[in-house]
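So the structure is just underneath, and the comments pick up after that.
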Amino acid sequence: MVQDTLLCALVGLCGCARLPEPDPVAWWHQLQGGAIAEQRPEPPGATDPYPNLGTVPARPAPIDRAAQAGLSERLAVARDIAERAAAADPLVAPDGAP
């Protein structure tokens, strides 16, 4: 009981600690980045004109299922060949490498 009272008193006293006065100007300068931010160059393309979205090309026509399956098969064969070649002749780290 006494310990609970002491704990409540300590917590209550901590709430009475003086906080610094809110300064919106300092807060804004901190968000801007301060003196270091003044030295930053402009981002690339900041002065370029806004892009014309009317010049976007039309969506390409989708390929048929047979062509897609053939492409997937050729990619799988190429992957298998590369994996077998890597297993037959693995890369060796040079001496002194971490």
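The values are calculated or read from the model by the stated rules, or taken from the named source; none is laboratory data. Quick caveat, the model's predicted, so the values are computed rather than measured. Note that each Cβ is placed from the backbone with ideal geometry, even for glycine, and that neighbours are counted across all protein chains shown. With ligands, DNA and RNA removed, areas are computed over all heavy atoms of the protein, side chains included. Shrake-Rupley method; radii C 1.70, N 1.55, O 1.52, S 1.80 Å.
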Longest to shortest principal axis, alpha-carbon extents of region 46-98, angstrom: 55, 43, 9
Quick one: net charge around Ala82, please, counting Lys, Arg +1 and Asp, Glu -1 for every other residue with C-beta under 13 Å from its C-beta. 0
Ignoring ligands and nucleic acids, Thr55 exposes an accessible area, probe 1.4 Å, in Å² to the nearest 10, of 100
